[in-house]
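The values are calculated or read from the model by the stated rules, or taken from the named source; none is laboratory data. Just so we're clear, the structure is a prediction, and the values are computed from it rather than from any experiment. Glycine gets a Cβ as well: all are built from the backbone with ideal geometry, and neighbour counts include every protein chain shown. Surface areas here come from the heavy atoms of the whole protein model, side chains and all, with no ligands, DNA or RNA. Shrake-Rupley method; radii C 1.70, N 1.55, O 1.52, S 1.80 Å.
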Amino acid sequence: MALENDTFAPDFELSNQFGEKVRLSQFRGVKPVVLVFYPLAFSGVCTSEFCALEDNIALFRDNSIELLGISVDSKSALRAWSEEKGFDFNLLADFWPHGEVAKEYGVFLEGKGFSNRATFVIDTHGIIRASFITAPGEPRSIEAYRAALEELEPARV
């Protein structure tokens, strides 16, 4: 079961597509974070979702929000995907231990070996303020991100 809103987001450290370590707690007290769990790089639905995020990156940057994509892919696969598509945000490799962070957030699909499409909006105190999950094969909409970010505003003050 996925973590609920108004609970503390578990800290983690993962490598991004460039091999740099990114720790969730490094953003505490600095800026909110949107975690975007997704099944696999290079898959059709994930590619369309992430292209839409890139096309709407101002939604996050203009509001000083860190966007982090997380999948079980290796950092090498994430780098190739990021370079091919021109993504200008961190993609984190939950590669080994396999899916450990997705399991902590309750979104790992054991029978499939990857995470569900789940989004968590985390405030500067490390509290999950909004979240949403779509059905398998169903992409998340930019409107869903906008609505989730509205939940963040009162908590930012």
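Observations on the model:
- Selection status of L3, outside any loop (DSSP other than H, G, I, E, B) and of a type outside the set (F, W, Y): no
- Single match in A9, A80 (criterion: among the small types (G, A, S) and under 13 Å from the mean Cα position of the chain (by Cα)): A9
- Filter result for the condition that a residue is surrounded by 19 or more Cβ atoms within 10 Å (Cβ to Cβ) and closer than 22 Å to A9 by Cβ, over A147, A102: A102
- Against the list (1) open to solvent by 50 Å² or more (accessible area, probe 1.4 Å); (2) modelled with pLDDT under 95; (3) closer than 22 Å to F12 by Cα, the condition P136 fails is (3).
- In segment 98-131, of all residues being assigned to a helix (DSSP H, G or I) and touching an Asp or Glu at 6+ places or on another chain (Cβ under 8 Å), the one that is farthest from C51 (Cα to Cα) corresponds to E100.
- When residues of segment 28-48 are limited to those that are closer than 17 Å to A102 by Cβ, part of a loop (DSSP other than H, G, I, E, B) and among the aliphatic types (A, V, I, L, M), the one most open to solvent (accessible area, probe 1.4 Å): L40
- Test result for S115, surrounded by 17 or more Cβ atoms within 10 Å (Cβ to Cβ) and either of a type in the set (S, T, Y) or free of Cβ contacts under 8 Å to residues at least 24 places away in the same chain (or both): yes
- Pair list, Cβ < 6 Å and 6+ apart or interchain, from segment 120-141 residues that are in contact (Cβ under 8 Å) with a residue 24 or more places away in the chain and among the small types (G, A, S) to residues that are open to solvent by less than 50 Å² (accessible area, probe 1.4 Å) and not in a strand (DSSP E or B): G126/A9; A130/A148
- Any hit, segment 88-109, residues being small (G, A, S) and over 15 Å from L35 (Cβ atoms): no
- For beta carbons closer than 7 Å, sequence separation of 6+ or different chains, a first residue in segment 45-58 that is touching a residue at least 12 places away in the same chain (Cβ under 8 Å) and a second that is open to solvent by 40 Å² or more (accessible area, probe 1.4 Å) and among the aliphatic types (A, V, I, L, M), the qualifying pairs are C46/L40.
- Subset of segment 132-157 (residues that are in a strand (DSSP E or B) and touching a Ser or Thr at 6+ places or on another chain (Cβ under 6 Å)): F132
- Scanning segment 53-76 for residues that are open to solvent by 30 Å² or more (accessible area, probe 1.4 Å), small (G, A, S) and either touching a helix residue (DSSP H, G or I) at 6+ places or on another chain (Cβ under 8 Å) or within 19 Å of K112 (Cβ to Cβ) (or both) turns up just one, S74.
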